[in-house]
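In what follows, a single structure is set out as structure tokens and then discussed.
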Amino acid sequence: MTTDPIFLSACACVDALASAALSPAELLDALEQRITAVDPAVNALPTRCFDRARLREVSGMKGRTEAEPGALHGLPVVIKDLSDVAGVRSTHGSTVFADHVPDTSAHIVERIEARGGLVCAKSNTPEFGAGANTFNEVFGATRNPWNTALSAAGSSGGSAVALRTGMAWLAHGSDMGGSLRNPASFCGVVGLRPSPGRVPCGPAADPFDPLSTDGPMARSVADVALFLDSLTGYDPREPFSLPAPPSSFRAAAEAPRLPTRIAFSIDLGITPVDPAIVAICTKAVRQLEAAGVTVEEAHPDLSDAHEVFQTLRAHAFATSLGDLLEEHRDALKPEVVWNIEKGQALTSGEIGAAARARSRMIARIDRFLDTFDALLTPATIVPPFPVEDRYVTHCAGVEFETYIDWLAIAYAITLTALPALSLPAGFTDDGLPVGLQVVGRRRAEADLLAHAAAFEEIFALDPTPIDPRSPRGIAER
């Protein structure tokens, strides 16, 4: 094959692997060369394990010759550094685990490798995934490839940057308050937060808490669908695990279908939004309207989202990281300490009230989507910000109280447990990508992917990998 495989889609690579037109060794070689050339400018993949990947390729991977949906046939895959990979340094972005090399892998890594994926690198993440800017005391900051002076968002920032720069065809992410969707928007890739239970997320301190989910990231909707196929399927170790659907998600994405009627909300009634984001997302939705989609400006009542998410997120932090606070307080960043302590101070009454409020939000949005095929919003409320800023402190004249307030457009949807996807929708005047959040009906990932693929065709943005761009060159695209 004469085309540099770096510039092929994941679907094209998998098809070429299945037909033996490409070999896993060729892809690993091409990817390692690309990472060596590109990553010093962006710091997306600080941990690499190509020798391990080559050993698995030589010894033979399960799934390489299988024909069922999800077989990856030896395609290299990037894993976010919040998930353990057996035999590979897995830091969780924390100095507490700076030298941690686990003996076993996370369930999602086992699933990927069972389907023929070759784990070749770990992507950078903020400490324990806290905060939507990818930096930590172990590896430093990950930089946005469209302007290396800016943030890639987070917490799956390393994965998003690796995809946009051609250092990965498929990248794993996870999402509690937008950790897949925010970096997808900032970097111009596609990130899907699936329904809780759709993909394995364990082992977890609380397997009954569906607030955080793992999910697929890629440069196109079809590639995300391919990756979702490889991640799905029942796992008896996880209490909410769902069986694989009868038909593939890739097939749904490869049959693009416009929805009949969608709701569009610029702010969900709960958050300020930067005027540049308003303009780009509104323009994108008007393109859909011109293509024949009925668009109504509307949103369900999610006014409880701030208090409910703050409470449930703090409870989750206290559950998963409370022991670390006792033993390693001085090693934890202040935002993590604050979140754990907030969770430890909660009363049972406060937790119960948040759970009941969340239940009412879910009922309201389900009724709302009885009359709409999807809900569209901005994926983020601001364009990429300076990488030195720990988080967004204000927007459109509104000052935020906490380091996660600026994520409300995403975390409100997290609370609904609906599948949601960040799709590239346009660029700011200075060449920075902006994503549109597409929210689907309950457990309806196939419909969501078919609709997003149709939107992708209308927006017609180029998914080709880019070289990192210095601040001087950001107007190019």
Original post:
In the chain, what percentage of the DSSP-assigned beta bridges are antiparallel, given to the nearest 5?
Top reply: 70 percent
Original post:
With all protein chains present, how much of the accessible area of the stretch 199-286 (probe radius 1.4 Å) comes from carbon and sulfur, to the nearest whole percent?
Top reply: 61 percent
Original post:
Say a site is exposed when it is one of the GluC sites (Glu not before Pro), sits in a DSSP loop, and has at most 12 other Cβ atoms within 10 Å; what is then the longest site-free stretch of the chain?
Top reply: 1-387
Original post:
Between the stretch 223-253 and the stretch 364-393, what is the C-alpha centre distance in whole Å?
Top reply: 24 Å
**OP:** Take Ile458, project a point 7 Å from its Cα along the Cβ direction, then tell me which residues of the stretch 351-378 have their backbone nitrogen under 12 Å from it.
**Re:** 374, 376
**OP:** Count neighbours as other Cβ atoms within 10 Å of each site's Cβ, and list the chymotrypsin sites (Phe, Trp or Tyr not before Pro) in the stretch 231-297 that are DSSP loop with at most 13 such neighbours.
**Re:** Tyr234
**OP:** Round to the nearest 10 and report in Å² the accessible area of Asp373, as given by a 1.4 Å probe over the protein chains' heavy atoms.
**Re:** 40 Å²
Subject >> the stretch 107-262 - Rg and Dmax from Cα coordinates, angstrom >> reply: 15.4, 48
Original post:
Can you tell me the accessible area per residue over the chain, all protein chains present, probe 1.4 angstrom, in square angstrom?
Top reply: 36 Å²
**OP:** Pop out the carbon and sulfur fraction of the accessible area of the stretch 118-179 as a percent, whole number, probe 1.4 Å.
**Re:** 46 percent
Original post:
Any idea how many Lys pairs in the chain come in under 26 angstrom at the alpha carbon, given 8 or more places apart or on separate chains?
Top reply: 6
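The values are calculated or read from the model by the stated rules, or taken from the named source; none is laboratory data. The structure presented is a predicted model; accordingly, all values stated were derived computationally and were not measured. Note that we place each Cβ from the backbone using ideal geometry, even for glycine, and neighbour counts take in every protein chain shown. Surface accessibility is based on the protein's heavy atoms, side chains included, excluding ligands, DNA and RNA. Shrake-Rupley method; radii C 1.70, N 1.55, O 1.52, S 1.80 Å.
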